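This report refers to the structure that appears directly beneath it.
The values are calculated or read from the model by the stated rules, or taken from the named source; none is laboratory data. Since the structure is predicted, the reported quantities are computational estimates derived from the model, not experimental observations. A quick note on method: Cβ atoms are made from the backbone with ideal geometry, for glycine too, and the neighbour counts reach across all protein chains shown. Side chains included, ligands, DNA and RNA excluded: accessible areas come from the protein's heavy atoms. Shrake-Rupley method; radii C 1.70, N 1.55, O 1.52, S 1.80 Å.
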Amino acid sequence: MLDNRSAPYGVFILRVALGLMWISHALMKYVVFTVPGFAGYLDSIGMPGALAGPVILAELVGGVLIVAGLYARHVALVMIPVMVGAMSAHIGNGWLFSVPGGGWEYPAFLIATSFALWLLGDGAFALRSRPLLFARAANA
């Protein structure tokens, strides 16, 4: 049973944590690996190195929008393909992200959490919310 009094605050905590994880993922690439370093990594695994900048920007902007609660549920859904790409790069390394080359547990968790936020909604303190696109038709 869902507690409707506290659920929006739980979703708020989930939303902020998820957004901060997206932001930290972007900053790790920018600060630690650098854009050219990340581009080189993408090239080395057969992906276009030119995606480095757009991926970092998407993760950073998406994370900020999620934290702020600006259409967070829909931004979270749009972010899933970015992390599917990351997961595909790590899936051959095994499950744990601590293995050499990084496993796929962390990308899988971000995918699941992003999908959960899309289903749950924006939660408390969101600056701009929007219901699921099909929710109005179901309630009409």
Every listed condition ((1) open to solvent by 50 Å² or more (accessible area, probe 1.4 Å); (2) modelled with pLDDT of 95 or more; (3) farther than 22 Å from H74 by Cα) holds for I45 save (2)
Being open to solvent by 30 Å² or more (accessible area, probe 1.4 Å), in contact (Cβ under 8 Å) with a residue 60 or more places away in the chain, of a type in the set (G, A, S) and within 20 Å of L110 (Cα to Cα) narrows it down to one residue among G69, G10; which is it? G10
Yes/no for F97 being assigned to a helix (DSSP H, G or I) and more than 21 Å from L117 (Cα to Cα): no
Looking at V64, V78 in this structure, which one is touching a residue at least 24 places away in the same chain (Cβ under 8 Å), assigned to a helix (DSSP H, G or I) and open to solvent by 20 Å² or more (accessible area, probe 1.4 Å)? V64
Which numbered condition R5 misses (of (1) outside any helix (DSSP H, G or I); (2) among the charged types (D, E, K, R); (3) open to solvent by less than 70 Å² (accessible area, probe 1.4 Å)): (3)
Which residue pairs have Cβ atoms under 6 Å apart, sit 6 or more places apart or on different chains, and have a first residue in region 37-53 that is within 14 Å of A86 (Cβ to Cβ) and a second that is open to solvent by 60 Å² or more (accessible area, probe 1.4 Å)? L42/L51
